[in-house]
Amino acid sequence: MLLENSGFFSSEPVQTALIVGTCAALVSAVIGVFTILRGNAFAGHALADVSSAGGAASFLLGINPLLGFLGMAWIAAFGMEFLGVRKVRERDLATGIVLGAGLGLSALFLYLDVTTTSTTGAAVSVMFGSMFAIPQSLIGPALVASAGVFLLVGLLYRPMMLTAVDPDLAAARGISLRWIGLLQLLALGLAVAVCALAIGAVLATALLIGPAGAAIRLSRRPAQAIFWAMAIGLTAVWGSIWMAYESYYWFSGNAWPVSFFVVTLVFLFYLTAVLVAKVMGLSARQKPVIWPHCEA
Amino acid sequence: MIPFNHQKAWIRSIPNHCLRSRVTVLMPLIALFAGLGMTQVVVAATIHAVGVENEYANVIGQIGGKYVTVSAIESNPDTDPHTFEASPAVAREMVGAQIVVRNGIGYDSWAKKILAADPNPKRKVIVVQDLLHLPESTKNPHLWYKPETMPAVAEAVAQRLTELDPARAAYFAANVRKFDVSLKPWYQVIARFKARFGGTPVAVTEPVADYLLQAAGCDIKTPWNLQAAIMNGTDPAPQDVGIQNQLIKHHQIKIFVYNQQVTDSLTASFLSKAKAENIPVVGVYETMPTGYSYQSWMLAETNALRNAVERGMSTTVLK
C-alpha cells in the first residue's frame, strides 16, 4: 500500500501531527457548533487570533506553548465577557477592541522573541502552525486540554445547548446564564488553544468554525451537527496531514505546510455543504427557530 | 562656505562617540579648517567603519588598527541574526560610516535597504558576496565560514582604507600580511583534519558551519531541505526529519553539529537524541562569541570538530 511504502505511519512527526490534529478536529467540532449557535463566530475567531500573543510569550518565558495559547485565550475571553457581550452590536465592538489589543501584544512578543532569544520561526509556527514540528512532549497536554473540553460539554450539554439557542427560555428554566456563559468560555479557550497549537492562531478559526458551519447546514439536530462536524474536521485534518506528507514527493522535497491543506479542505467542505443544503432545500436560516423546540 | 554634504562627510570622520557631545562645537571649527585648506587635521582622525556582522567588524579592526573605529551591528551570539530587525539608531550608525562591510545573499538585506535610502557616493560598501563573485541564488549565506573569505575581505578593506587615508597605505598593507599569517594555524588544522578524517559523516541542524565542514572534508548527511527549513523557520518535511532521526539512531554519523543561535523544539529533539546515543555534539555559532577574534573563533570550532571525531568529546559552548 502507498502509505506503508512511504513510511507514513512510522514517521514520528506524522504520529504527533495525527494525534494533535485529531484532538483539534474533535474539540473544535463540539465547541464550534455551540459557538455558531450562540452567534459567537467572530468572538471565536478573535479569541484564536489573540491567543497568538500567548503563543509568542511562551517562547520568551520558556513555557509550554499550549499553556501560552490557553492563558491568552482565557484572558481575552474574560475580557470580552467583562466588556459586555449582551447586544450583538456592542459585542462585535468589544470583540474587535480586544482583538486589536491582543494582536498588538503578539507583535511585541514576537519582536522580543527574535531580538532576545534564539527562537527561529516563532512567528510562522505561532501564527500559521507547524504541525510536523510539534514536539512529542506536547501530546500529553493536548490530550488533557481536549479531555477538559469533553468533560465540560458532557456535564453541561443540555443547559449549554438551551442557553446557546434560546437564552430567554434557559433563564426561565432557572439556568444561570452567567455561569453557563463562563464555563462555555473556558471550554472555548481550551479548544482554541488546541487548534492554535495544531494549525496556528490565525488559522485556528478555520477548524473552529468551518466544519461546524458546514455541519449545521446539513443537520436537523445539534447532536447530528456535532457528529458531522467531527467527521468533516477529521477528514480535513487527516487528509491534510497525508497530502502535506505526499507533497514532499510532488515538489521534489519541498513539502507544503499542513495548515494550508487543512484550511483549503475545510473551505471546500463548507462550499460543498452550502451546495448540498441548497439542492436538498435545507435552509440554514430556519435552524435556530426549529432547534430549541427539538431539544427543549 | 563649503557645500553642506562635504560638511557631513567630515563630521563622519570624527570618532562616533564624539559626535553627539561635540558636534556643535566642532562644526564651525571644521568649516574653518576646511576653508583654510587644513583638511589633513580632520582626515588624520580615525576612519569610521561598520561591520554589519561582528566577524567582519573584527577583521576591519585588525586591518585598520588605531586609524579606524569600528562598530558591529549584529553581535549578540544569543539571538538568530536571520531575524534581525534594524532600529533607527542602527540606521544612523550605518549611514554615518565611511566603510561598511556586509555579507549579502539576503542575510542582511535590511542593511542594503538602509544604505540605499541614504545614497552617498563617498561611502565605501564592501559586499562579501560580490567579493567572492557569488550569485544571489547561493543557498548557504554563512560566507565567513569559508576559509578563503576573510583574506579577500581583509584585502578589500585595506584597499578602501588606503583610498581614504593614502598616507597609511604601508601600515594597512602590513596588517593584511599579519592577518593572512595569523590564519595559517587554522588552515593547518583544517588540512590535518581533512587528511586524517576526510569523509567523516556528520549531521547538522542548519547550514551555518557547512562551508567549514566541507573544507574539512566532512560528508554532510542531513538533507539540505531540512537544514533550510530550520534556518528559515518553516515546516520541516516529516521524511527529512525521519532521515535525520535514522542517522542519529543508527550511528551513521560521527559528529552532530548544531547552531547555538537557531534553535526550536525540533533542533532540541535532535540534540537530545544525539546525546542519548552518545554521539559527540559540537555547538557552533553564527555570530562571533565574545572574547574571540575571528581567527581564534574559527580555530576553536575546528578544534572542537577534531576533538569530537578524535576523542569522542562534545563541545557545546565556546568559553
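The values are calculated or read from the model by the stated rules, or taken from the named source; none is laboratory data. All values reported here derive from a predicted model rather than from experimental measurement. Positions of Cβ are generated from backbone atoms using ideal geometry, with glycine treated the same way; all protein chains shown enter the neighbour counts.
For the range B:68-81, check the following and say yes or no: at least one residue is of a type in the set (Gly, Ala, Ser), assigned to a loop (DSSP other than H, G, I, E, B), within 14 Å of chain A (Cβ to nearest Cβ) and out of contact with any Pro (no Cβ under 9 Å at 6 or more places or on another chain). Checked the range B:68-81: at least one residue is of a type in the set (Gly, Ala, Ser), assigned to a loop (DSSP other than H, G, I, E, B), within 14 Å of chain A (Cβ to nearest Cβ) and out of contact with any Pro (no Cβ under 9 Å at 6 or more places or on another chain).
Of the residues that make up the range B:138-157, is at least one small (Gly, Ala, Ser), more than 18 Å from residue B:302 (Cα to Cα) and touching an Asp or Glu at 6+ places or on another chain (Cβ under 9 Å)? Checked the range B:138-157: at least one residue is small (Gly, Ala, Ser), more than 18 Å from residue B:302 (Cα to Cα) and touching an Asp or Glu at 6+ places or on another chain (Cβ under 9 Å). Selection of the range B:276-299 for residues being assigned to a helix (DSSP H, G or I) and in contact with a Ser or Thr (Cβ under 8 Å, 6 or more places away or on another chain) yields only B:295. When every residue of the range B:174-187 is checked against the conditions, at least one turns out to be over 19 Å from the mean Cα position of the chain (by Cα), assigned to a helix (DSSP H, G or I) and of a type in the set (A, V, I, L, M, F, W, C). The number of residues in the range B:201-217 that are over 19 Å from residue B:316 (Cα atoms) and part of a loop (DSSP other than H, G, I, E, B) comes to 2.
Scanning the range A:90-125 for residues that are of a type in the set (S, T, N, Q) and modelled with pLDDT of 90 or more yields one hit, A:106.
Name every residue in the range A:89-148 that is of a type in the set (D, E, K, R) and either in contact (Cβ under 8 Å) with a residue 12 or more places away in the chain or within 15 Å of residue A:193 (Cβ to Cβ) (or both), in order of residue number.
Those that are of a type in the set (D, E, K, R) and either in contact (Cβ under 8 Å) with a residue 12 or more places away in the chain or within 15 Å of residue A:193 (Cβ to Cβ) (or both): A:91, A:92, A:113.
Remark: residue B:168 matches the filter, which requires a residue to be away from chain A (no Cβ under 14 Å), touching a Phe, Trp or Tyr at 6+ places or on another chain (Cβ under 8 Å) and more than 27 Å from residue B:81 (Cα to Cα).
Does residue B:152 satisfy the condition of being over 30 Å from residue B:264 (Cβ atoms) and modelled with pLDDT under 95?
no
When we screen A:32, A:68 for residues that are under 29 Å from residue A:245 (Cβ atoms), within 14 Å of another protein chain (Cβ to nearest Cβ) and at pLDDT 90 or above, the only hit is A:68.
Apart from one condition, residue B:272 fits all of (1) part of a helix (DSSP H, G or I); (2) within 30 Å of residue B:184 (Cβ to Cβ); (3) of a type in the set (Ser, Thr, Tyr); the exception is (2).
Is at least one residue of the range A:53-65 within 12 Å of the chain's Cα centre (by Cα), surrounded by 24 or more Cβ atoms within 10 Å (Cβ to Cβ) and assigned to a helix (DSSP H, G or I)? Taking every residue of the range A:53-65 in turn, none turns out to be within 12 Å of the chain's Cα centre (by Cα), surrounded by 24 or more Cβ atoms within 10 Å (Cβ to Cβ) and assigned to a helix (DSSP H, G or I). Is there a residue being loosely packed, with under 15 Cβ neighbours inside 10 Å and either at pLDDT 50 or above or among the polar types (S, T, N, Q) (or both) anywhere in the range A:286-294? Within the range A:286-294, one or more residues are loosely packed, with under 15 Cβ neighbours inside 10 Å and either at pLDDT 50 or above or among the polar types (S, T, N, Q) (or both).
Scanning the range A:102-145 for residues that are within 20 Å of residue A:18 (Cβ to Cβ), away from every other protein chain (no Cβ under 11 Å) and touching a Ser or Thr at 6+ places or on another chain (Cβ under 9 Å) gives a single hit, A:139. Residue A:48 - would you say it is of a type in the set (Gly, Ala, Ser), surrounded by 24 or more Cβ atoms within 10 Å (Cβ to Cβ) and modelled with pLDDT of 95 or more? Judged against the criteria, residue A:48 is not a match.
It is to be established whether one or more residues within the range B:302-319 are surrounded by 20 or more Cβ atoms within 10 Å (Cβ to Cβ), assigned to a helix (DSSP H, G or I) and without any contact (Cβ under 8 Å) to a residue 40 or more places away in the chain. Yes, because at least one residue in the range B:302-319 is surrounded by 20 or more Cβ atoms within 10 Å (Cβ to Cβ), assigned to a helix (DSSP H, G or I) and without any contact (Cβ under 8 Å) to a residue 40 or more places away in the chain. Of the residues making up the range A:149-166, just one is small (Gly, Ala, Ser) and either at pLDDT below 90 or crowded, with 23+ Cβ neighbours inside 10 Å (or both), namely A:164.
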